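Beneath this line is the structure, given in structure tokens, with notes to follow.
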Amino acid sequence: MAAEDEGKTEDATPHQRQKARGEGDVAKSQDLGAATILFFGMVMLSFLGDWINEYLAAAMYRFIAIEIPDSLPPDGKAIVPYLLHGLYYIFYAVLPFILVVFVVAIAVNVYQVGLVITFKPLTPDFTKLNPVNGLKQLFSMQKIVMLLMNLGKVIVILGISYPVIASNFGDTVVLMDMLIRPAMHYATSEIWSLAIKIASVLFVLAIFDLMYKKHKHNDKLKMSKEDVKDERRNMEGDPKVKQKRFEKMVEMARQRMMQEIPEAEVVVRNPTHYAIALKFKPEMHAPEVVAKGKNKIAEKIIELAKEAGVPTWQEPWLARELYKSCEIGDTIPPELFQAVADILAHVMDKDKRAGYKNRASGAA
């Protein structure tokens, strides 16, 4: 309800969630990891119990019945190799558990939040040293709920453990009179039975803890309507800046288009509402549109064409069709080939006659 009280009524956007994820702010339950590790550890114990007992018993023999040769000097260093040998047995016995804890811990975290690699949580945050903020967090509703949940877990674990320990207390005393290997086997069996019960209950409680953490995390990431608008504005950019950028791009494209007009063979117009400049060379398979426009832009195209000596041809229906069906850089559609070819033929024939007259007048 804290988020709603602050006006944060909107669900977090994907960008907001990704930002929090990059800072290591994710919803995960430590209890789920602990319960899963305990459960799989006990599963390992059920499969490798005898093997582990053998190595632990060997280590116990090393520690309890150390026999040091009389030839060794009477100082503490003489027993170091024997102690190291015993520690080797212990390490070899617990190695499967170490590997299981490592793999399961990674798997549970990846299952809950995916792969998150960030050093943000390790960065010093001096605001946490503020005693006022510390007191507020200490008596916050979330801390009270977590305290009650932890007390509940302790009560549940004690409720499961006490009957088992009480019923086996007499047998536990007898362990002191048993040989090491039978004692280890009995203790391992009882520990396994108790741990499986505790792990099962903790796993159920961890599911509820994870659901609560996700709920609180979603509530924490909620945004106000103004926050959502600001984020969209920042991601999409200021509309005024975008409009200016678009206008500049259009102007640059228009300038490039105008520079291509002197290379055109003819400008088809209607008579001033539409104007399309067409370029054609013998190596081209079809005429190409190098400039197009209507109204004022059409007038500018016609003006530049006259200045560059490019002939213009008034054909209203063709100008409209070319403007509608072609973009700059496109070749004309096949259904307009004949109409454009007739115009190019007239224009080129006129240019040839003009060139012949110029040569004849020069010779005279």
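The values are calculated or read from the model by the stated rules, or taken from the named source; none is laboratory data. Worth saying up front: this structure is predicted, and the values here are computed from it rather than measured. Cβ: placed from backbone, ideal geometry, glycine included. Neighbour counts: every protein chain shown.
Among ALA183, ALA187, ALA195, which is the only one that is part of a helix (DSSP H, G or I), touching a Leu at 6+ places or on another chain (Cβ under 9 Å), of a type in the set (A, V, I, L, M) and at pLDDT 75 or above?
Testing whether each residue is part of a helix (DSSP H, G or I), touching a Leu at 6+ places or on another chain (Cβ under 9 Å), of a type in the set (A, V, I, L, M) and at pLDDT 75 or above leaves just ALA195.
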Open item on the list: It is to be established whether one or more residues within region 132-146 are modelled with pLDDT of 80 or more, surrounded by fewer than 16 Cβ atoms within 10 Å (Cβ to Cβ) and either touching a Pro at 6+ places or on another chain (Cβ under 8 Å) or of a type in the set (S, T, N, Q) (or both).
Closed with: no
Task: Subset of region 259-278 [touching a helix residue (DSSP H, G or I) at 6+ places or on another chain (Cβ under 7 Å) and closer than 11 Å to ILE328 by Cβ] - done: ILE276, ALA277
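Results for (1) modelled with pLDDT of 80 or more; (2) over 30 Å from ALA27 (Cβ atoms); (3) surrounded by 13 or more Cβ atoms within 10 Å (Cβ to Cβ); (4) not aromatic (Phe, Trp, Tyr), shown as yes or no for each residue.
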| site | (1), (2), (3), (4) |
| --- | --- |
| ASP219 | yes, no, yes, yes |
| LYS225 | yes, no, no, yes |
| GLU231 | no, no, yes, yes |
| ASP238 | no, yes, no, yes |
| VAL241 | no, yes, no, yes |
| LYS248 | yes, yes, no, yes |
| GLU251 | yes, yes, no, yes |
| ARG254 | yes, yes, yes, yes |
| GLU260 | yes, yes, yes, yes |
Open item on the list: Here is a list: ALA35, ALA58, ALA20, ALA27. Which entry is of a type in the set (A, V, I, L, M, F, W, C), assigned by TED's automatic domain parsing to the domain that holds LEU202 and over 28 Å from GLN112 (Cβ atoms)?
Closed with: ALA58
